[in-house]
Amino acid sequence: MGEVETDQLEVLWVGEASNAYDLSQLAKETQKTDRQSALTILDSRSVAVVVVSVASSDEASEIGEFLTTVSNLWPNITRLVFVGNSLPVDHAQQLIQSLVNSVGVHFLFREGKSMNHLVDIIERAVDGFNTRKEQNRIHQEVKLQNARLEEMTDGLELMVAERTRYLSLSKSQVEGKISGMRGLIQFIKNLSSLSEIEDLYLLLRQDIKSFHQVQNVYLGYLSSDQIPRIMYFQSREVRVRSAQKMWDQSLRIRVNQVEDSQYLANEFSRPFAKVIGIPILIKTNGAVESIEPRCESVIYFEHTFQSEDEEIFLNYIGERLQPLGLTFDRIQLDRQVKTASLMWEKTFDGVKDPIAILDRDHQLMRNNQSFGWESDSSICFKKFNNLDHPCVGCPVPSVFESSKAQVGNVKKGSRMFEVHSYPIQLVSGSRPSNVVNYYVDVTLKQELQGKMIQNEKMAAIGHLAGNIAHELNNPLTGIRSLCQVLISEVEAGSNRYDDLCEVEKAAGRCQGIITNLLDFSKETGAKHLESISLNEIVTKTLPFLKVAMRNHNCRVELSKQEPFVRAEPQLLQQVVFNIVNNACQSMRDPGTLTVETDIFEKEGKQFSRLKVSDTGVGISKENLKSIFDPFFTTKSVGQGTGLGLSMSKNIIESVDGAILVNSEVGEGTCFFVELPFRIGGST
Amino acid sequence: MKVLVVDDEDVVRRSLVRVCGRRDHAVFEASNGEEALEVWKEIQPDLVYLDVLMPGLSGPEVLKEVGERVHTKVVLMSAYAGEYDDMTVKSLGADLFIQKPFEDIFSVVEKGESLCDEL
């Protein structure tokens, strides 16, 4: 390769030329030379055709050699052989044959052919050279391109190999990272379910198990009473001891610092080698800026890492620091909240009065122990009172309506509660979301109030009655007296006589009723026990019940022997009145009321007894146990206070007596009042 | 015997007057305290039936007005028993207390007359 481009020489005539031919006509440029110089010329210039002229057969082998050289050195050059006439034909023939065979001559011509013919051949020879040259060039070009392609392909292959290597490296790195992440996520998950510091310690130990060079883990923390403690593992169990001194308050991670080893050595009375100290809970008292942040928890790793492994371990732990710190914080807070919560609960339950917090639907958010356990329900009226509807008198609805505190009276069994209901806002909004109910047992208070009211009423009535009685007494006295006068003046046995007697008797009866009324309505003042017969009580009281008795039949059987008792006559009258009145009210017309008195003996003692039976609707078994309860009534509101029987029971029991009752629904009821038989002597 | 009946209740007064009248007494009556004083001064009765509770002057007030007296016997009448026993009655200037209502008008008059019998 590397032909130096000089001017193109078309023809180089090597050897003798015949005079018959004008060489300058052969081509654009023709040069004649001998074999010796030819090679030099060929070397320096670009030649298209070489014509070798053969003059004698002696030259044959040299020519052959020359042509071979040319063919080897400049394969593109067209090789032409010119045979002169001086050569005998058969020699020429032989020569030609051998040349053609061995060297590869392109053209051959003999002297004698015309110039045109020669020119023509030369032209073709030149063309041939050009063609070959072109072909060669193309060939070279192709070779070059191929070489370049190969280079590129090699380059690409290298790149691909590199990329593949890189990818597989990345993949394993990524996988490594992923498994690392997974480990971290699992660690965090496990942390979130912990509630004790010991569990956190154990989890950490477990997590770094694969780092065999970690000998032991020491967890320093502040306990709830602000005392620094160190948790460690020994003899297959977790232990805690109080730290003598607080640990290094530095907020950095310290690797192999002598101070840390010394600190632990002091605490555990043994030498410590390399220690990594990592603070995990830093408390800055946010409100007070001047106070230094405190390291409230630290972890020490006693280890035998070499530096590269140390790096790996630190990275590993580094990822876990924040979750550890957060978990620690959370555990502490949980504990605080629990303590506070416990204190509140104890306070709440310690209050002896029932307290409950409800929402609009009477759902219980919370209640204290004193609230009661009528049922397991979470509905207020069900749990407090075992009802399926809100308690009568419940103030809760009006609290929600008015957004103001309200008070209501609610009955639970035999007790009366004053319910103070306060609106509160547990959920943000413009109206109260909940109420707090505070229940005050006012049974006693209400009973006393009731009694007081009753007494006042009685006193007022008594007063009124007294006044009326006195007003009536005067004319009645006169009526009766005048009647007596008239009777004395009229003939006995006559109609007038009999009429006047009736009038007088009637007037007398009126006086009796009035006297009774006056007795009954007298103010009691101090307890004034008297020895009084039940019979007398009955006789004095029954007239008052004429209206109540309506169409009922009334049978009175009083004991022959006076059943004496020691009691306050008015109060006894109240009791009898109450029982008989109830009996009358329980009967639909017409019923039978029976009032009996007797004396009986029990356990060696004597008792005076009053029995009142009716043929009324009776009392159901459920109600039987409640009838003496204050405020218990089957009458509608306003018809009765529900205090009658309760007061009667109190009155009788206060003089060592008892009230008993039998009843059958649909058949009737029977009340027994039993009092110790006492005769004579009043206070 | 001169008897004075003082009571604001007509029926009561009438019945007393009738009975006393039958016994041959000179019977006088007054329906209130002031009237009673007037009649008392005028006739100087031997026996007075005196109601306690009257409009205007009450029975005891009348007695106070009358003041010292020598021979007149006074029977106080009232529905209110508890307040009057022998002591208080005497201190008021009366001789006997009879409770209303009267069970028997005749016994009332007899009681009054027996006071005078003691003379």
Open item on the list: Please compute the contact order of chain A in relative form: average sequence separation of alpha-carbon pairs under 8 Å and at least six residues apart, divided by the residue count, as a percent.
Closed with: 6
- [ ] Return the loop-located trypsin sites (Lys or Arg not before Pro) in the range A:332-374 (DSSP other than H, G, I, E, B) with at most 13 other Cβ atoms within 10 Å of their own Cβ; answer none if there are none.
- [x] A:Lys352
Task: Average beta-carbon neighbours from other chains, 10 Å sphere, peptide B:4-14 - done: 4
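Please work out the Cα convex hull volume for the range A:142-188 and give it in Å³ per residue.
33
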Open item on the list: Ranking request for peptides A:479-485, A:596-602: highest mean number of other beta-carbon atoms within 10 Å first, then the rest in descending order.
Closed with: A:479-485, A:596-602
- [ ] Just give me a number: lysine pairs in the range A:539-683, eight or more positions apart or cross-chain, with C-alpha atoms less than 22 Å apart.
- [x] 19
Open item on the list: Please return the longest range in chain B lying between exposed loop sites, taking GluC sites (Glu not before Pro), DSSP loop only, at most 12 other beta-carbon atoms within 10 Å, and leaving the sites out.
Closed with: B:1-67
Task: Qualifying aspartates and glutamates (Cα of each under 16 Å from Cα of B:Lys64; at least 8 residues distant if same chain) - done: B:Glu34, B:Glu35, B:Glu38, B:Asp51, B:Asp95
Open item on the list: Taking the Kirkwood radius as the inverse of the mean 1/r across Cα pairs, report the Rg/Rh of the range A:55-210.
Closed with: 1.76
TODO: Just order A:158-170, A:557-569 by mean Cβ neighbour count inside 10 Å, highest at the front, would you?
DONE: A:557-569, A:158-170
- [ ] Take the Cα coordinates of the range A:177-282, assign each an equal point scatterer, and use the Debye formula without solvent to give log10 I(q)/I(0) at q = 0.14, 0.19, 0.23 Å⁻¹.
- [x] -0.63, -1.16, -1.54
- [ ] Express in nm, to one decimal, how much length is gained between A:Lys209 and A:Cys554 on full extension, taking 0.36 nm for each residue of separation and deducting their alpha carbon distance.
- [x] 114.3 nm
Open item on the list: If I take every Cα pair under 8 Å that is 6 or more residues apart in the range A:119-262, average their sequence separation and divide by the length, what percent do I get for the relative contact order?
Closed with: 9
- [ ] Work out the FRET efficiency for A:Lys177 and A:Gln97 from their Cβ-Cβ distance, taking R0 = 51 Å, and round it to the nearest 0.05.
- [x] 0.05
TODO: Please arrange A:Leu67, B:Leu37 by counting, for each residue, the other beta carbons lying within 10 Å of its beta carbon, fewest first.
DONE: B:Leu37, A:Leu67
- [ ] Report, to two decimal places, the Cα Rg of the range B:15-75 normalised by 2.2 N^0.38 Å (N = number of residues).
- [x] 1.08
TODO: Take A:Phe66, B:Phe106, A:Phe628, A:Phe301 and order them by how many other Cβ atoms sit within 10 Å, fewest up front.
DONE: B:Phe106, A:Phe628, A:Phe66, A:Phe301
- [ ] Using only alpha carbons, build the gyration tensor for the range A:324-363 and give me the equivalent ellipsoid semi-axes, biggest first, whole Å.
- [x] 31, 15, 4
Task: Inter-chain Cβ neighbour average for residues A:552-564, partner chain, 10 Å - done: 0
Task: Alpha carbon convex hull of the range A:320-448, projected area averaged over orientations, nm² - done: 10.3
Task: For the range A:409-452: span of alpha carbons on each principal axis (Å, largest first) - done: 46, 20, 10
Open item on the list: Regarding the range A:124-247, what's the average projected area of the Cα-atom convex hull, expressed in nm²?
Closed with: 14.6
Task: Ordering of A:174-182, B:14-22 by packing [mean C-beta count within 10 Å, highest first] - done: B:14-22, A:174-182
- [ ] List, in the order given, every pair from A:Lys28/A:Lys113; A:Lys189/A:Lys383; B:Lys41/B:Lys100 whose Cα-Cα distance in the structure shown is over 32 Å.
- [x] A:Lys189/A:Lys383
Task: Cross-link reach list, aspartates and glutamates versus A:Lys404, counting only Cα pairs under 20 Å and skipping chain neighbours closer than eight places - done: A:Asp359, A:Asp361, A:Glu418
Task: Residue-averaged 222 nm ellipticity for chain A, from DSSP H runs of 4+ at -39500 (n - 2.57), nearest 500 - done: -16000 deg cm²/dmol
- [ ] Of all alpha-carbon pairs in chain B, indicate the percentage at a distance above 26 angstrom.
- [x] 8
TODO: Find the eigenvalues of the gyration tensor of the Cα atoms of chain A, then list the square roots of 5 times those eigenvalues as equivalent ellipsoid semi-axes, largest first, in whole angstrom.
DONE: 147, 38, 20
- [ ] Provide Rg and Dmax in Å for the range A:344-408, with only Cα atoms included in the calculation.
- [x] 12.0, 32
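What is the order of A:Met246, B:Met77, fewest Cβ neighbours within 10 Å to most?
A:Met246, B:Met77
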- [ ] Just need the relative contact order of chain B here, percent rounded to a whole number, with Cα pairs under 8 Å and 6+ apart.
- [x] 24
- [ ] Would you mind giving the mean number of other chain beta-carbons within 10 Å of the Cβ of each residue in A:478-491, as a whole number?
- [x] 6
TODO: Using Cα centres only, tell me the gap between the range A:94-142 and the range A:426-448 in whole Å.
DONE: 130
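Read-outs: derived from the displayed coordinates by stated rules, not from any lab. No experiment lies behind these values; they were computed from the predicted model shown. All Cβ positions, even for glycine, are placed from backbone atoms using ideal geometry, and neighbour counts span all protein chains on display.
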